[in-house]
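K.L.:
Let me begin by handing over the structure; questions about it come next.
The values are calculated or read from the model by the stated rules, or taken from the named source; none is laboratory data. Because the structure is predicted, anything quoted here is derived from the model rather than measured. Neighbour counts run over all protein chains shown; Cβ positions are idealised from the backbone, glycine included. Surface accessibility is based on the protein's heavy atoms, side chains included, excluding ligands, DNA and RNA. Shrake-Rupley method; radii C 1.70, N 1.55, O 1.52, S 1.80 Å.
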Amino acid sequence: MNDLSAFPITRKWPAQHPERIQLYSLPTPNGVKVSIMLEETGLPYEPHLVDFATNDQLTPEFISLSPNNKIPAILDPDGPGGKPLALFESGAILIYLAEKTGKFMPLDAAGRYETIQWLMFQMGGIGPMFGQLGFFHKFAGKDYEDKRPRDRYVAESKRLLGVLDKRLEGREWIMGDTYTIADIATFGWVRNLNGFYEAGELVGFNDFANVKRVVESFVARPAVAKGLAIPARA
């Protein structure tokens, strides 16, 4: 039996299956990256809901694992050398799980770094910019009379969609015929922009035919369909 009692997070979210990867998350575009990856790889895991409505992310137990108080985070009882490993930051977790399983990351060095390059494109561009657009278009920011902040993020989101659309020209996925962690990181955010944020018309989403094609392929994957709803909201 794996002993995870040294990790304070297990006091708030006890592990019913301590031999499995423990996932602490919420089904947001960042959170579902890891649940989708876990579903795609078939690794056994136990999901725990970090409920923002009750500020779970600000509790000492969660911060003990994720000092930036952001989801997702994982605790792998079978980390490197057979020792437990705690990780936060979705990009780092995706790289770790890809290397742990040998899946969804090219094995050759050049392909690996190119995939990580596109993962960083999502982490540094698509995620932050789409998130800001969502704030100024749908949430509290929509009430601001000055629309210049919103328009800035509309323009930048369009630019990023254009970069992605050009990359996907003649390609099935970001890295070509091979589905990778770059796709897992990116297309949940694209789906969210066009869906939950209701910003598709604002950014001219239908003008990006390659992006539209690939996001449809993405959501059609069984592991994606399942992972998008994990952990289940309260």
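K.L.:
Can you tell which of Leu75, Leu23, Leu58 shows the greatest fluctuation in a Gaussian network model of the chain with Cα springs below 10 Å?
P.N.:
The residue with the greatest mean-square fluctuation here is Leu58.
K.L.:
Would you rank Arg152, Arg213 by solvent-accessible area, highest first, keeping every protein chain in place and using a 1.4 Å probe?
P.N.:
Largest to smallest exposure gives the sequence Arg152, Arg213.
K.L.:
Using only the heavy atoms of the protein chains and a 1.4 Å probe, how would Glu40, Glu145 rank by accessible area, largest first?
P.N.:
Result of the area sort, largest leading: Glu145, Glu40.
K.L.:
I've got another one for you. Can you list which of the DSSP-assigned H helices in the chain have a Cα extent of 24 Å or more along the long axis and an average Kyte-Doolittle score of at least -0.5?
P.N.:
Helices meeting the criterion: none.
K.L.:
Quick one: compute the contact order of the chain, relative version, from alpha carbon pairs under 8 angstrom and 6+ residues apart, as a percent.
P.N.:
Across the chain, relative contact order equals 25 percent.
K.L.:
Still on this structure, I have one more. Using only the Cα atoms, what convex hull volume per residue in Å³ does the stretch 143-234 have?
P.N.:
110
K.L.:
Express in Å², to the nearest 10, the accessible area of Asp78 obtained by rolling a 1.4 Å probe over the protein heavy atoms while all chains stay in place.
P.N.:
90
K.L.:
Nearest 0.05, what FRET efficiency do Thr59 and Lys103 give at R0 = 35 Å with Cβ-Cβ as r?
P.N.:
0.60
K.L.:
Still on this structure, please answer the following. For Phe130, tell me the accessible area in Å² from a 1.4 Å probe, rounded to the nearest 10.
P.N.:
0
K.L.:
In the Gaussian network model of the chain, springs joining C-alpha atoms below 10 Å, which of Ile63, Ile116, Ile71 carries the largest mean-square fluctuation?
P.N.:
Of the options given, Ile63 has the highest mean-square fluctuation.
K.L.:
For the chain, report the translational diffusion coefficient in µm²/s to the nearest whole number, using Stokes-Einstein at 37 °C, 0.692 mPa s, and a Kirkwood Rh over Cα pairs.
P.N.:
178
K.L.:
Can you find, among Gly131, Gln16, Ala53, the residue sitting farthest towards the positive end of the charge dipole of the chain, where Lys and Arg contribute +1 and Asp and Glu -1 at Cβ?
P.N.:
Comparing the listed Cα positions along the dipole, Gly131 ranks first.
K.L.:
Could you tell me the accessible area of Thr10 in Å² (1.4 Å probe, neighbours in place), rounded to the nearest ten?
P.N.:
Here the residue's solvent-accessible area equals roughly 20 Å².
K.L.:
Identify the residues of the stretch 161-196 with backbone N under 13 Å of a label point that sits 7 angstrom from the Cα of Gln117 along the Cα-to-Cβ direction, or state none.
P.N.:
167, 175-176
K.L.:
Could you calculate the contour length gain from Arg159 to Glu216, that is, 0.36 nm times the residue separation minus the distance between their Cα atoms, to one decimal place in nm?
P.N.:
Once the chain is fully extended between Arg159 and Glu216, it gains 18.5 nm.
K.L.:
Please label the shape of the stretch 65-141 as rounded, prolate or oblate, based on the square roots a ≥ b ≥ c of the eigenvalues of the alpha-carbon gyration tensor (a/c under 1.5 means rounded; beyond that, a/b larger than b/c means prolate, else oblate).
P.N.:
oblate
K.L.:
With the cut-off at 1.5 for a/c, could you classify the stretch 1-91 from its C-alpha gyration tensor as rounded, prolate or oblate?
P.N.:
It is oblate, given that a/c is not under 1.5 and a/b is not larger than b/c.
K.L.:
Can you tally the lysine pairs in the chain where the Cα-Cα distance is under 20 Å and the two residues are eight or more apart, or on different chains?
P.N.:
For the chain, qualifying lysine pairs total 15.
K.L.:
Ordering Asp177, Asp56 by accessible area with a probe of 1.4 Å, largest first, what comes out?
P.N.:
Reading off the accessible areas and sorting them downward yields Asp177, Asp56.
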